[in-house]
Structure formats: structure tokens, C-alpha cells
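Down below is the structure, laid out as C-alpha cells.
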Amino acid sequence: MRHSVITTRVIWWKNTILLQVCVRSLAFLVLTMSAQVMAGEPERSDEVDYGAYLTRIGNCMGCHTAKGGQPFAGGRRLSTSFGVFVTSNLTPDKETGIGRWTQQDFWQALHQGKSRDGRLLYPAFPYTEYTKVTRQDADAIFAYLQSLPPVSQSNPPHDIFFPYNSKSLLAVWRTLYFKEGVYESDQSKSEAWNRGAYLVQGLGHCTACHTTRNMLGASQDEALMGGQIMGMNWYAPSLSSHLEAGSGDWEIDEIVALLTTGVTKRAVTSGPMATVVRQSLQYLSQEDALAMAVYLKSLTENETGRLPGVKFSVMSGSLRKHLDLGGQLYQEYCQACHGTDGKGVPGIYPALAGNRSVIMDSPLNVIRSVLNGGYPPTTAGNPRPYGMPPFQQILRNEEVALVVSYIRNAWGNRASLVRALDVDRSKGGDD
Amino acid sequence: MMRFILLLFFCITGVANVNGSTPAEVPDTMDDRVKACTICHSAEDKVGRDAYYPRIAGKPQGYLFNQMRNFRDGRRYYPPMAILLENMSDEYLLEIAQYFSSLQLPYPDPEQIQMQPEEIKLAEHLIYSGYPERDIPACSACHGDVLMGVEPAIPGLIGLPRAYITAQLGGWRNGGIMRGGKPDCMSEIAKQLTESEVNAVAKWLANQSVSGKPSSFDVLSSELVDRCSQTILENGGAE
């Protein structure tokens, strides 16, 4: 059996395993790739290169590509409580894409949320955040999109419920909630902080998920307060509260690692956040990742106070019995990976003891982890992740409730108990 | 000897548990990386609470890779797997496919299903001769002389239980499984089969015991390669 020391694991991966995979699969690839034309990429200008980078950070491709479809050709369906939105074709096809658009048309869409013909766009397109992007950056993104191969693909119309399909309601919504304007830097803060704020509030559109939305789907705040993602059964924790995913007491390096590799010794990204890391954040330049980390850390740096979780004054006997049942399930199904002490194995199996995602007020994500399992995203820094098995085909709702209640209250963790009903409610809601 | 090794193993793990600590090292193996898969996919096909979990060990690498991409990219539908594969790169999928393909686990004994002589004749005719007039080539022309598949992307037909074969062929016949999105060679063939043909073939195949290896690609005639090019060429390549 082969053992290797954790600290050298990442480097070891990069050097040997990728190479091995390449060599092993070479025969296969040669067989299959001969059909593909291996045309060299045409020379690209600096602006187009920079635009390609910004397009990654804005994750335009993530939304504007259907599952298994042509990149940027749109057609992806986004389900929300207002109906189903279908993304548009951003390739430079003249009939079905944005081939006839000018720089000015594009700016109007990104900055003002208006289509080329003046139609008001729905905020399922996060122009409410992209409005903060500078003209220069918008032009670079446009130059990159125009350099893509055109794909002829018309996408079906949105399917929006009454009354949200009303144009005038959208106009009212915009007057109430849409504030147009490029990011203005705060002179009292460092350059890195401002760059981070620009990216987090603007292109990174973190607020699109990390916020509480009101009845009309508007963010309640600009402070990354956290909330359940519309149309998805996931809770995006607050980035500005140390009770949730604030990183005030984290080292900058650790925040950078979480954003760019998807795992650290204390946390792991899952579900939609894993997708954001894979599609977008792993490509952050070193300076930009650092800048984002500086800004995120500052959001909770001065916060002190109680630790997350609920306090039980004294644990009653019946409560202890209840948790013991969960403990038995933990021993049988979970301990092999997460350990008797709940400390896991750094970078491989996340610690559950002291894990902010586990003791967060909303138990939604923890329940989902146990029901569905998952893998952290594959990234350059973590190309061959270990995975967590799903348990919904093995454990009944009551058992999931017991084991989740247990991990929320073992090893010094304290958080509310979970009921079978909560487990039932956490099912479904995937794309 | 085996008992002794096992005992030793239990002693070691037992001690680790008593100490209440987690081993600081996890074996750096694929075996450990795919624990999330082997909870359902074991040496034998098995009936789970929600679905039928097929054996994937020993199937051709290209075939497994294609299927994993189909699940990930929404072309084959089973949400629990789509969730696991959602954020995996093609490189990693290929490595996982390679791993499962290389596993040499013993196959379960063949089933013992009673068959009428005319059923056996029907099955063997389909499998070794086909019906050119109905545009059905012999199954063996694509799945290999010994029906153990053709590298890299055509799976073997022996070692699969009857229920699985019937379900897959049935899925194609009524358009249920849309592997690869567009109709492909296998779905076209399955659609031509009658229900009694499906039943006969499924029984016959499940009754055979596994022997022999997957054939190499060059046994396929160029006509059949053309016919399946969507699955075994274009779709089979990494990005």
C-alpha cells in the first residue's frame, strides 16, 4: 500500500499523476483525436487575453452554456421562483448571437441592464452587480466574446410566471432596486482592498447568491448577508458574519487557498460554490486572489462576540440519548473518513469539529451533504479530490436527522437539532 | 495466512480507534478516492433502494468515460451520479474510468434461466448472424467474437444480469435512455428488436459464464465503425 505525506501531496500530484494520466490515455486519445482538427489558435491581442481572463472571473460561460452544450451559445435554463429564465447566445453569430452588437450596445447591457433594442433585461442576469464593472473592462470582455467562433443557435423564450412577466413590474423593480454605477474606490483603504471590493461586488457577483432576497427577488442589502439561493435548495452563508462564512479570523493564505483550490484544512466548497470555484475562481491571478481575500477578511475583522451555534444550558438525559443514537450511526457510516474526533484529514476529508458549515444556523447544506455526498471541485491545486458518498439511498430521513443532529453537537459543536421534516424539505431543487 | 493478515489489520485499526485519533495519512490511491462510487458499484450488480446499480469494474475504459460524461453533462439521467460528477474535469473522469476498467474482480456465477430450444435458437441467430434484411448486424460483430466487448468504447455483454440487459434494451426501445443525446448505433438496433427477441437475448447472455478478454479495435469492420462513430470516435475523445 502506498502512503505519501500530505504536505507533499499537491506537488506530487502535479508532477507525476497528471503525467501518468496523459501517458496512460495516450493510446486512447490518439485513436479519438485524429478526427479533430488541431488548428493552432490565432494570435490574440492583449485586450482579448485580458477580456478572456475577466470573462472567467465574471463566469459568463457558466450561465451562458447549456449542460453539455456549445460554450457561450446560451440555452441554459435557470429555474427561480419567478419562472424559468433561458440564457442568451453570446457568440458573435449575426442572427442568433451578438454578432451585430457594438461596444456601446454591450455596455448598455452590462452597465444598464438593457438589451440592444432597449428591452429591459431581467436581473436573473446579474447586471445589478456587473454595473460596477469599468468601461475599459467591459470593452475587453466584449472584444473577447467577439473573438469566439460564432455558433448559430436560437434559444427558447423565458417562461416567467404571472405577474412577474409584466414589463411595467420590471420597470418598477428597477427604480426601486437597481442602482446603476461603476465601482467607486474608497480612498481610506488600500489598493488591494479596493481591487478586492471591485471584484467581489462587481464581476465576481458574489451578492447574486450570498444575500437574502425579498419577495421581488431583490437583494436586501449589499453586505453579503447570506441567504437561500433562489430556485436552488442551497443556503449561501453570510460572508459578513463570523457566525457563518466570515473569514475575519482566517489567514489571508487560507482564504486564497479556499477560493482558488476549493479546499483548506478548515473548510471545503460544495454544490454551487464548488461550481463557482471550478468555473471561475480557480483562474484568479495571484494578485486578484489576494485582493479578494483582503477584502473578504476585512468584512468581519473587527467582529467579536459569541461563537456560532445554540447554547443548551445543561444537556438533559433524553437529549443525550437522542444524540447517542446519532453517534452510533456516525460510528458506522462516517467515522472511517471524518475520524472519531471529527477532525477529518486536512485537505482530504474535512473536519466536522468546529466546521462553520456544520454548525451554521441553517442546517440545509449539512443535510444536503449527507443526502447527496459530493466531491470538491477539481482544480489545478486539487486535481484528484477524494469524495463523500451519498447516503439517501441507505439512511432513512429519521436516521439522517439523527446523525446530522449528532455532528452538530459533538466535539464541542453546538447547534440546533434537526428533524426528519427538515431532511425531507432539503431534498430536490437541483438544476 | 490470509486470516493472519486480516487479524493484524484489525489489530492495527482497532488500536487506532482506541487511541481516538484519526490517521494523519490516507492511502494515496484511487481506491480511496472512489469510495463515493463503490458504496453503490461493487463487484456484483445489485438492487438498491432507488435503482439498479450496475457493476462497472472491468468494463472498457472508453465506454465508462463516455457514460460518466453523459451523466455529468445531462445526456444520461441519474441525478445522484450527476451531483457527484458535476465538478470533475475530463482528466479526472478519464483516470477514474481507467481505474475501474483495470479492476479484475471475479464475476458472479452465471444465472440459470430455463430456456426453450426455439428461444435459444432465436438468441443465437441474433447474436452470431443478425438479420441483415432488418439492418441488424450480429451482436458479435460489434461486441466482439467472445462478446466481451471491443476496446476502447464498446462494452461486453457477458457478466451482465438479465434484469440489467432487459432494462437497457427496453430503455432504448422506448426512447428512455438517451445516451449521447442523439440516437446512436445501439439505440437504432434496440428499436428494431421485438420484445420476445429482447427477452431471449437477455436470458441467453445472462446464462453464459465469463471467459476471454475484450477484443481490440481492429476487429471492427469500417462500416460498423462508421455506424457507431458518434459514440466510439467523436464522443469518445477527451476535449
Response to the item:
Counting only protein heavy atoms and leaving out ligands, DNA and RNA, the solvent-accessible surface of B:Y128 at a 1.4 Å probe, in Å² to the nearest 10, equals 110
Fill in: segment B:30-106 - charge dipole about Cα centre, Lys and Arg +1 at Cβ, Asp and Glu -1, debye rounded to 20
240
Practice prompt. Starting from the residue with the highest accessible area, list A:F162, A:F178 in decreasing order, probe 1.4 Å.
Written response: A:F162, A:F178
Worksheet item: Using a 1.4 Å probe, how large is the accessible area of A:K321, given in Å² and rounded to the nearest 10?
Response: 150
Worksheet item: According to a simple spin-label model (label point 7 Å from Cα along Cα-to-Cβ), what is the distance in nm between A:E184 and A:R320?
Response: 6.0
Practice prompt. Specify the inter-centroid distance of segment B:52-109 and segment B:196-236, based on alpha-carbon positions, in whole Å.
Written response: 18
Worksheet item: Heavy-atom accessible area of A:M273 with all protein chains present, probe 1.4 Å, nearest 10 Å²?
Response: 60
Fill in: A:R384, B:R49, ranked by accessible area, largest first (probe 1.4 Å)
B:R49, A:R384
Item to complete: Could you tell me which of the pairs A:K67/B:K191; A:K343/B:K35; B:K59/B:K203; B:K46/B:K203; A:K94/A:K114 are separated by over 23 angstrom between their Cα atoms in the structure shown?
Response: A:K67/B:K191
Practice prompt. Please report how far the C-alpha centroid of segment A:101-162 lies from that of segment A:337-414, rounded to the nearest whole angstrom.
Written response: 38
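From largest accessible area down, sort A:S369, A:S238, A:S81; use a 1.4 Å probe on the protein chains.
A:S81, A:S369, A:S238
The values are calculated or read from the model by the stated rules, or taken from the named source; none is laboratory data. This structure is a prediction, so every number in the text was calculated from the model and none was measured. Don't worry about glycine lacking a Cβ; one is built from the backbone with ideal geometry, like all the others, and counts go over all protein chains shown. Each accessible area value is taken on the protein alone, full model and side chains, heavy atoms only, with ligands, DNA and RNA left out. Shrake-Rupley method; radii C 1.70, N 1.55, O 1.52, S 1.80 Å.
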